[in-house]
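The next block holds one structure in the form of structure tokens; read it before the comments.
The values are calculated or read from the model by the stated rules, or taken from the named source; none is laboratory data. Just so it is clear, the structure is predicted and the values come from calculations on it, not from any experiment. Backbone-built Cβ (ideal geometry, glycine too); neighbour counts: all protein chains shown. Note: areas computed on protein heavy atoms with side chains; ligands, DNA, RNA excluded. Shrake-Rupley method; radii C 1.70, N 1.55, O 1.52, S 1.80 Å.
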Amino acid sequence: MTYALDSSIDTVTFQPLGSDKTMTWKASLSANYTDGMLILHKGQIVYETYSGCLNERGKHAAMSMTKSLTGLLAEILVVEGKLDPAAKVDTIIPELKNSAFGSATVRQVMDMTTSLKYSEDYADPNADIWVYSKAASPFPKPSGDKGPNGYFEYLQTLKKDTINHGEVFGYKTVNSDTLGWIISKVTGKDMTSLLSERIWMKMGAEQDGYMTVDAKGVPFAGGGISAGLRDMGRIGQLMLNGGKINGQQLFPSKVVENIQAGGDKKAFAAAGYKTLEGGSYHSMWWVMHNQHSAFAARGVHGQTIYVDPTAEMVIVRFSSFPSAANSKIDPTSLPAYQAVAKYLLNKDREK
């Protein structure tokens, strides 16, 4: 990667959602507990900063941005004709026949429109996510523990809700780990190995990425990646370039076209994401459907890869925001991203 740093980005101003006051880009970084921020424009690094415990040699938890890489691998397999999105999950994973996932299609898993009795409210200590997390722990289970051991055992216990599959978007991490299982069944490789072979080893990564696993060594396809800031920038640039980086086409451009087209807006609207109104979710990417056709990988506590094709811009943020919900951060980040995109476009026009 080459540098063309622009310190003027710090002074770019915007108006946070729901506010009548303005804020600078620099002020938004501390407001959002930013650990690392990278902006790429036309393939060059125009902004890079680190704070807290992170530096350019460090790695940061990507959290649910991992989901988008799982979705990317699945979409690659779909475009290459190796995975049928209309197939029922139980035809690929017989072990899930009696679970909620058995009757869902692969596409419904990829777009998280499955019907599941499952709560992912991190603020609720009794939510299903904590039972899931206990099952997923890489540590030995306590003596006498009778709960599921590992991701795959837990997924087999989930029951269907009263609505039909495909009707409503529901952000539930268990979909991503089911998709990781589907990927491994179809390719004969776990997600970590496939991601390494298809993407990481070929994109010019400067650091190894790491993936957490459960007690049986199964990768956490829903949130297990830790990586460096610039390497996540390479993922964003790969998406911006339609699967091409460093002169190599790593996967068909149709993959990104499919993702960018988005999913079912009606199903997404039913989920009530106020800061993402008009958006959708497709192949585990958040699609904004804004004027710049932006789309993003997102993770709890503020992790983001934001791709803006119109401005030829990629933004990567690592963050440690105290609240898990990105809805708390969006009011001072989404308009900030759009303001920087506008600034870069205006700068291009002035040249």
- Note on the structure: Counting only helices (runs of 4 or more DSSP H) wholly inside the stretch 1-103, the ones holding at least 3 residues that are farther than 30 Å from Leu158 by Cα and small (Gly, Ala, Ser) are 25-31
- Criterion: among the hydrophobic types (A, V, I, L, M, F, W, C), touching a residue at least 12 places away in the same chain (Cβ under 8 Å) and in a helix (DSSP H, G or I) - qualifying residue of Ala297, Ala336: Ala336
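Go through Val300, Val314 for me and flag whichever is open to solvent by 10 Å² or more (accessible area, probe 1.4 Å), of a type outside the set (D, E, K, R) and within 20 Å of Leu69 (Cβ to Cβ). Break it down into steps so the answer makes sense when it comes.
Numbers: Val314 fails: open to solvent by 10 Å² or more (accessible area, probe 1.4 Å).
Testing whether each residue is open to solvent by 10 Å² or more (accessible area, probe 1.4 Å), of a type outside the set (D, E, K, R) and within 20 Å of Leu69 (Cβ to Cβ) leaves just Val300.
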- Query: Of all residues in the stretch 340-351, which are part of a helix (DSSP H, G or I) and either open to solvent by 20 Å² or more (accessible area, probe 1.4 Å) or of a type in the set (Phe, Trp, Tyr) (or both)?
  - Reply: Lys342, Tyr343, Leu345, Asn346, Lys347, Asp348, Arg349, Glu350
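Pick from the stretch 215-228 the residues that are in a loop (DSSP other than H, G, I, E, B) and out of contact with any Ser or Thr (no Cβ under 7 Å at 6 or more places or on another chain): which of them is surrounded by the fewest Cβ atoms within 10 Å (Cβ to Cβ)? Before you say what the answer is, go through the steps one by one.
So the first thing to find is which residues in the stretch 215-228 are in a loop (DSSP other than H, G, I, E, B), and the list is 215-218, 220-224, 228.
Filter again for out of contact with any Ser or Thr (no Cβ under 7 Å at 6 or more places or on another chain), leaving 216-218, 228.
Numbers: Lys216: 12, Gly217: 10, Val218: 22, Gly228: 24.
My answer is Gly217.
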- In the stretch 124-168, what residues are closer than 15 Å to Gly222 by Cβ, among the polar types (S, T, N, Q) and in contact (Cβ under 8 Å) with a residue 60 or more places away in the chain? Ser137
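Inside the stretch 183-202, can you point out the residues that are more than 18 Å from the chain's Cα centre (by Cα) and of a type in the set (A, V, I, L, M)? Break it down stepwise before answering.
Applying the first criterion (more than 18 Å from the chain's Cα centre (by Cα)) to the stretch 183-202 yields 184-190, 193, 197, 201-202.
Passing the criteria: Val186, Met201.
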- Query: Which one is most open to solvent (accessible area, probe 1.4 Å), of the residues in the stretch 236-254 that are within 18 Å of Glu80 (Cβ to Cβ) and assigned to a loop (DSSP other than H, G, I, E, B)?
  - Reply: Pro252
- Query: Exactly one of (1) within 18 Å of the chain's Cα centre (by Cα); (2) surrounded by 15 or more Cβ atoms within 10 Å (Cβ to Cβ); (3) of a type in the set (Asp, Glu) is unmet by Glu257. Its number?
  - Reply: (2)
- Given the residues Phe321, Phe268, which is the only one that is on the phi < 0 side of the Ramachandran plot, assigned to a loop (DSSP other than H, G, I, E, B), under 18 Å from the mean Cα position of the chain (by Cα) and in contact (Cβ under 8 Å) with a residue 60 or more places away in the chain? Phe321
- Message: Against the definition (at pLDDT 90 or above and surrounded by fewer than 18 Cβ atoms within 10 Å (Cβ to Cβ)), how does Lys117 come out, yes or no?
- Response: yes
- Item | Evaluation of Ala61 against (1) modelled with pLDDT of 95 or more; (2) of a type outside the set (Phe, Trp, Tyr); (3) over 23 Å from Ile163 (Cβ atoms); (4) over 20 Å from the mean Cα position of the chain (by Cα) (one fails), failing number | (4)
- Within the bounds of the stretch 72-94, is there any residue that is open to solvent by less than 10 Å² (accessible area, probe 1.4 Å) and more than 18 Å from Val255 (Cβ to Cβ)? yes
- Message: Condition first: over 28 Å from Val106 (Cα atoms) and either modelled with pLDDT of 95 or more or surrounded by fewer than 23 Cβ atoms within 10 Å (Cβ to Cβ) (or both). Can you find one or more residues in the stretch 284-294 that meet it?
- Response: yes
